[in-house]
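Encoded as structure tokens, the structure appears first; notes follow it.
No lab work stands behind these numbers, since they all come straight from the coordinates. A quick note: this is a predicted structure, and the numbers were derived from the prediction, not measured. Reconstructed Cβ throughout: ideal geometry from the backbone, glycine too, with neighbour counts over all protein chains shown.
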Amino acid sequence: MKSLSVVFPLAAIFVCVGAIYPFWVGILLNVIGLSVCFTVPYLVGRISGGDIMRVIEMKYPKARKLVNYGHDNNLFASYISRAVVVVPGDLVSMIHGALRMPYRPYLLGSIMGVMPEMLVQTYIGAQLKHLTIKSVLVMIALIAATLAFSLILNKKVSRSGKQMDKEDF
């Protein structure tokens with residue numbers, strides 16, 4: 001169901017899985033779930049092809065940059081499109097499918113892009129059962145590290161995007 005729901009947050013699923021299952025089992029289940037979650041809209045995009053691309057590009061003009069990144073490096077494009085959220089994730093999957101991006105680099109890059117967030121949120125869910133000062137401090141540190149990583153990545157991508165825009169003109 002999540003695969004075709006643009007508005008339902010993955011974070012809620014990650015935390016719930018972490019709260020229900022042991023941490024390492026939760027990680028495994030979340031990776032399996034992400035694989036399904038990324039595959040269904042990818043296949044929708046692959047089957048729909050160019051028609052869905054036109055609709056997505058009209059509604060989300062930033063999707064064009066994602067398309068340009070995707071032609072150069074499939075693994076990096078799928079990674080960066082998950083790590084730096086510019087277009088909703090399900091639409092990202094449809095775009096990559098419509099572009100006929102090879103499935104393996106797409107899936108691997110997508111999972112790698114979501115992995116830091118998923119690990120932190122699964123850990124938070126696992127710690128909800130027995131909160132201690134130590135677990136709260138670890139959660140704060142993990143959230144801060146993930147936030148810092150995201151901000152650095154966003155800056156880097158923004159700078160390279162501006163350079164690309166200048167070169168395009």
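The ranking of His96, His130 by Cβ neighbour count inside 10 Å, starting from the fewest, reads His130, His96. Footprinting exposure proxy ranking of Glu57, Glu117, fewest other C-beta atoms within 10 angstrom first, gives Glu57, Glu117. Per-residue Cβ neighbour counts within 10 Å put Met94, Met139, Met58 in the sequence Met58, Met139, Met94, beginning with the fewest. Can you work out the FRET efficiency for the pair Leu108 and Ile133, with r the C-beta to C-beta distance and R0 = 35 Å, to the nearest 0.05? Computed FRET efficiency for Leu108 and Ile133 comes out at 0.40. Computed from backbone phi with θ = phi - 60° and the Karplus coefficients 6.51, -1.76 and 1.60, the 3J(HN,Hα) list for region 94-106 is 5, 4, 4, x, 5, 7, 6, 4, x, 4, 4, x, 4 Hz; x is used for glycine and proline.
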